[in-house]
Amino acid sequence: MADPSDLLIDRTLVLLRHAKAVPPETMPDLDRTLSDRGRADAAAAGRYLVAQGIEADLVLCSPSTRTRQTWKYAAEGGATAADVWYDRRIYNADSDELLAVIHEAPAEARTVILVGHGPGVPWLADELALDGTSPERVELTRKYPTTGLAVLHHQSRWADLAANDCDLVSYTVPRG
């Protein structure tokens, strides 16, 4: 039987920026919670994932309170994942650091959702997406607000994923 890491299979990467959090001056940044709007928007992101038929094999999530809550409320909105990994490297990461985390996803995972922060998540979406002229791609590069969500398809191994390897399937900003 072939090693899954050697197969070119369709893979989906979802890049989700955390939902709206309370203002930074209210508590330490790592501990910031979601606002009421953020909880509603995160649930809307979960409903969007369900509507698109996206079921994650793995969620890679920053350990910050607001990213953990974003995934929690997305799951309450119906999003599913076989496993969730909390990785400190995602917090305040740039696109290269985020890509290093994604490179460690198991070869058998077909769908990975990364829940992280700006500006790293928007930078990574821009770096990975191949098509530079679609209206969704132009919008993605102009603004990637809280709860911004990019769905990318590729056939690379997770360990080999690189710039311009992905097709941008959709870009949306779910609101609750």
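The values are calculated or read from the model by the stated rules, or taken from the named source; none is laboratory data. Not measured: the values here are computed from a predicted model. Here the Cβ is made from the backbone with ideal geometry for all residues, glycine too, and neighbour counts use every protein chain on show. Protein only, heavy atoms only, side chains kept; ligands, DNA and RNA dropped before computing areas. Shrake-Rupley method; radii C 1.70, N 1.55, O 1.52, S 1.80 Å.
Scan segment 55-67 and give yes if some residue there is in a strand (DSSP E or B), among the basic types (K, R) and out of contact with any Pro (no Cβ under 9 Å at 6 or more places or on another chain), otherwise no.
Looking only at segment 55-67, we keep the residues that are in a strand (DSSP E or B), and these are 56, 58-61.
From the residues that got through so far, the ones that are among the basic types (K, R) too are none.
Checking segment 55-67: not a single residue is in a strand (DSSP E or B), among the basic types (K, R) and out of contact with any Pro (no Cβ under 9 Å at 6 or more places or on another chain).
Among the residues of this structure, L114 counts as one that is under 20 Å from G38 (Cα atoms) and outside any loop (DSSP other than H, G, I, E, B).
Applying the condition of being among the small types (G, A, S) and in contact (Cβ under 8 Å) with a residue 24 or more places away in the chain to segment 41-60 and asking which residue is farthest from T26 (Cα to Cα) yields A56. Any residue at all in segment 37-44 that is farther than 20 Å from P174 by Cα, open to solvent by 50 Å² or more (accessible area, probe 1.4 Å) and of a type outside the set (D, E)? Checked segment 37-44: no residue is farther than 20 Å from P174 by Cα, open to solvent by 50 Å² or more (accessible area, probe 1.4 Å) and of a type outside the set (D, E).
Within segment 61-119, the set of residues being hydroxyl-bearing (S, T, Y), in contact with a helix residue (DSSP H, G or I) (Cβ under 9 Å, 6 or more places away or on another chain) and either open to solvent by 30 Å² or more (accessible area, probe 1.4 Å) or touching a residue at least 40 places away in the same chain (Cβ under 8 Å) (or both) comprises S62, S64, T65, T67, T70, Y73, T80, Y86, Y91.
Restricted to segment 2-47, and to residues that are modelled with pLDDT of 95 or more and of a type in the set (S, T, N, Q), which residue is nearest to K72 (Cα to Cα)? For segment 2-47, the residue satisfying everything is T33.
Inspection of segment 129-138 finds a residue satisfying the criterion of being assigned to a loop (DSSP other than H, G, I, E, B), out of contact with any strand residue (DSSP E or B) (no Cβ under 7 Å at 6 or more places or on another chain) and without any contact (Cβ under 8 Å) to a residue 12 or more places away in the chain.
Of all residues in segment 139-176, exactly one satisfies the criterion of being part of a helix (DSSP H, G or I), surrounded by 18 or more Cβ atoms within 10 Å (Cβ to Cβ) and in contact with a His (Cβ under 8 Å, 6 or more places away or on another chain), namely W158. Being aromatic (F, W, Y), on the phi < 0 side of the Ramachandran plot and touching a residue at least 60 places away in the same chain (Cβ under 8 Å): is that true of Y144 here? In short, yes. A single member of L15, L34, L30 is over 14 Å from the mean Cα position of the chain (by Cα), open to solvent by less than 20 Å² (accessible area, probe 1.4 Å) and touching a residue at least 12 places away in the same chain (Cβ under 8 Å), and it is L34.
Okay, residues lined up against (1) more than 12 Å from the chain's Cα centre (by Cα); (2) more than 18 Å from Y86 (Cα to Cα):
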| site | (1), (2) |
| --- | --- |
| P106 | yes, no |
| T111 | no, no |
| V115 | no, no |
| V121 | no, no |
| A129 | yes, yes |
| S134 | yes, yes |
